[in-house]
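Trainee: Input: one structure, supplied below.
The values are calculated or read from the model by the stated rules, or taken from the named source; none is laboratory data. Keep in mind that this is a model prediction, so the values were computed, not measured. Because the Cβ atoms are built from the backbone with ideal geometry, glycine has one as well, and the counts that use them run over all protein chains shown. These area figures cover heavy atoms from the full protein model, side chains too; ligands, DNA and RNA do not enter into them. Shrake-Rupley method; radii C 1.70, N 1.55, O 1.52, S 1.80 Å.
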Amino acid sequence: MKRPFQLLFSFLIIYSCGNTKHVSFENYIDTTDKLINEQKKQTFYSEDQEVFVSNEFSGARINDFEKINDSTVRVVINPENEPINNSAYYAFKIWSKSPKTYYVNFDYPEEYNHRYIPKIYKNNSWTILDSLNIIEQNNKTSIKLSLNNSPQIVAAQQIEDYNSVISWSKTLDEKNSNLVHFDYYGESSEKRKLPILKLNNGGTKNKDVIVLLTRQHPPEVTGYYAFQHFINSLIKENNLSKQFFDKYQILAFPILNPDGVEKGHWRHNANGVDTNRDWSRYNQKEIKQTVKYINKYVKKNHSRVIIGLDFHSTWYDVFYTNKERASTTLPNFVSEWFEGIEANYPNYKVKEASGNSLKPVSKGWFLKAHNAVGITFEIGDKTPKENIELIGNIAATQMMELLLDTKN
Ligand SMILES: [Zn+2]
């Protein structure tokens, strides 16, 4: 009697491991949970200045606040834990009882410095703080603000919090119900549901899959904007899109690190881990479930992952590619895609940095786990919105044209 159960049990173990098979990388990075310094949610009040500063909203980050003189304050901004990259993210709400000119000095721990030009949210819109109001002195940054009793947000980047990503995703589904299918596939360690957008024309069997990822790193919203434009271009009602979805399908993950986004983290998730170093052993729930979902999906549909694009932001636009091409399903894709982008984007020169994915990053995982083309699609922190739209659109169009070409 015992044997059939044992057999079934071992089958289940093998089967479930099969969907999250570990992938080895040359440089192992420990991605087990780390402690983070929780940011205390509060509204600071400087009584004699009659100024309020608050971090009581999604995506906020300010750890302390100290009056320097009548019109100046020091704001302390700390990372969630260390070691961490210098992506000194901040976001706070500020207002005063009566109108006043006010100076805010940014104070980061010693090894970090000011990276992001402040974005201001007031009167229901975001603007970039005028450079005349940014003062750089002795490696420190101060900004000049005009305060009044209506709160404004000062943030490293425009805030695209979890709810805004979910609402964008759902709207996309509602407006394009024939192609876009919104769903949840798991949950983060703080139990936020992980969303997915499946783009297909109904048929999913035997169609190759392109995977799109973004927001592993919370402040990298310019990458998220490129991801949005890329998708908008794929689903445009035109002949190219129609032909494309006759042969291919997309799995798009619009927010891989929702906890980090909500907590105003510089880079890590709620467990203090860079999820883009976890694509080997999947110690983090967010990555483990994503890997499992992708692997199971392609198996069920008898399809293959052929391309994985992971949208991020850094100092400038750059594509991080894998040196290894010959073993991928599309050995010529990268160079032809870049040529296509350059041919269609006037005066644009693709910057490519290619390497061996020694660390467990997603682009290496696409290569090693699926023989797919893996690319980290980086948009500059300061790349203007119209340029992000252009690169997102052209990159998507060129990908579709190339894939239809290759197959013919
Ligand atoms: Zn990144």
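Trainee: Sorted from largest down, give the three principal axis spans of the alpha carbons of region 56-135, whole angstrom values.
Mentor: Taking max minus min along each principal axis of the Cα atoms, region 56-135 gives 40, 30, 28 Å.
Trainee: Can you work out the accessible area per residue across the chain, with the rest of the protein chains kept in place, probe 1.4 Å, in square angstrom? Could the numbers behind the result be given before it?
Mentor: Values: 18640 Å² over 408 residues.
Heavy-atom accessible area per residue stands at 46 Å².
Trainee: For region 153-181 and region 230-291, write down the distance between their C-alpha centroids in whole Å.
Mentor: Using only Cα atoms to place each centre, the spacing works out to 13 Å.
Trainee: Go through region 334-340 residue by residue and turn each phi into a ³J(HN,Hα) via Karplus (6.51, -1.76, 1.60, θ = phi - 60°); whole Hz please, and just put x for glycine and proline.
Mentor: With the stated coefficients, region 334-340 comes to 4, 5, 5, 5, 5, 4, x Hz.
Trainee: For the chain, which span is the longest to avoid every loop-located (per DSSP) member of chymotrypsin sites (Phe, Trp or Tyr not before Pro) having at most 13 other Cβ atoms inside 10 Å?
Mentor: Numbers: sites that count: TYR28, TRP315, TYR316.
My reading of the result: 29-314 is the longest stretch.
Trainee: In straight Cα distance, which aspartates and glutamates are under 19 Å from LYS100, not counting same-chain residues fewer than 8 positions off?
Mentor: Partners within reach: GLU47, ASP48, GLU50, GLU66, ASP70, ASP130.
Trainee: Another question about this same structure. Could the peptides 66-77, 129-140, 206-217 be put in order, highest first, of the mean number of other beta-carbon atoms found within 10 Å of their residues? Don't skip to the end; give the middle numbers.
Mentor: Details: 66-77: 15.5, 129-140: 10.8, 206-217: 22.8.
Taking the mean over residues of other Cβ atoms within 10 Å, the ranking is 206-217, 66-77, 129-140.
Trainee: I would also like to ask the following. Give a residue-ordered list of calculated ³J(HN,Hα) values for region 73-89 (Karplus: 6.51 cos²θ - 1.76 cosθ + 1.60, θ = phi - 60°; whole Hz; x for Gly, Pro).
Mentor: Couplings: 9, 10, 10, 9, 10, 10, x, 5, 6, 9, x, 7, 5, 7, 10, 5, 8 Hz.
Trainee: Could you pull out every residue, at least 5 positions away or on a different chain, whose amide H is within less than 5 Å of the one on GLU187? Hs are placed 1.01 Å off N in the peptide plane, and Pro or chain starts have none.
Mentor: HN-HN under 5 Å from GLU187: LEU194.
Trainee: Could you give each residue of region 126-140 its phi-based ³J(HN,Hα) in whole Hz, using Karplus coefficients 6.51, -1.76, 1.60 with θ = phi - 60°, and x for Gly or Pro?
Mentor: Using θ = phi - 60°, the values come out as 9, 9, 8, 4, 4, 4, 5, 9, 10, 10, 9, 8, 6, 6, 10 Hz.
Trainee: List the residues whose amide H sits under 5 Å from the amide H of ARG115, counting only those 5 or more places along or on another chain, with H placed 1.01 Å from N in the peptide plane.
Mentor: Those qualifying (amide H under 5 Å, at least 5 residues apart or on another chain) are ALA88.
Trainee: Amide H of VAL373: which non-local residues (sequence gap of 5 or more, or other chain) have their own amide H closer than 5 Å, using H built in the peptide plane?
Mentor: For VAL373, the qualifying residues are ILE307, GLY308, THR329, LEU330.
Trainee: Something else about it: Normalised by the empirical 2.2 N^0.38 Å for globular proteins, what value does the Cα Rg of region 54-93 take?
Mentor: Working: Rg = 11.6 Å, N = 40, 2.2 N^0.38 = 8.9 Å.
Relative to the rule-of-thumb radius for its length, region 54-93 sits at 1.30.
Trainee: With angles folded into 0 to 90 degrees, how steeply does helix 162-175 sit against the dominant principal axis of the chain? Use alpha carbons for both and round to 10.
Mentor: 50
Trainee: Are there any trypsin sites (Lys or Arg not before Pro) in region 84-136 that are in a DSSP loop and have at most 16 other Cβ atoms within 10 Å? List them by number.
Mentor: Working: sites: LYS93, LYS97, LYS100, ARG115, LYS119, LYS122; in loops: LYS97, ARG115.
Of the trypsin sites (Lys or Arg not before Pro), the ones in loops of region 84-136 whose Cβ has at most 16 other Cβ atoms within 10 Å are LYS97.
Trainee: Follow-up. Report, as a whole number in µm² per second, the diffusion coefficient that Stokes-Einstein gives for the chain at 4 °C and 1.567 mPa s using the Kirkwood radius over alpha carbon pairs.
Mentor: Details: Rh = 22.6 Å.
Taking Rh from Cα pairs, D becomes 57 µm²/s.
Trainee: Something else about it: Using only the alpha carbons, work out the radius of gyration and Dmax of region 239-395 in angstrom.
Mentor: 16.2, 45
Trainee: What is the extension gain from ALA343 to LYS97, computed as 0.36 nm multiplied by their sequence separation minus the C-alpha to C-alpha distance, in nm to one decimal? Don't skip to the end; give the middle numbers.
Mentor: Values: separation 246, 0.36 × 246 = 88.56 nm, distance 5.48 nm.
Difference between extended and current length: 83.1 nm.
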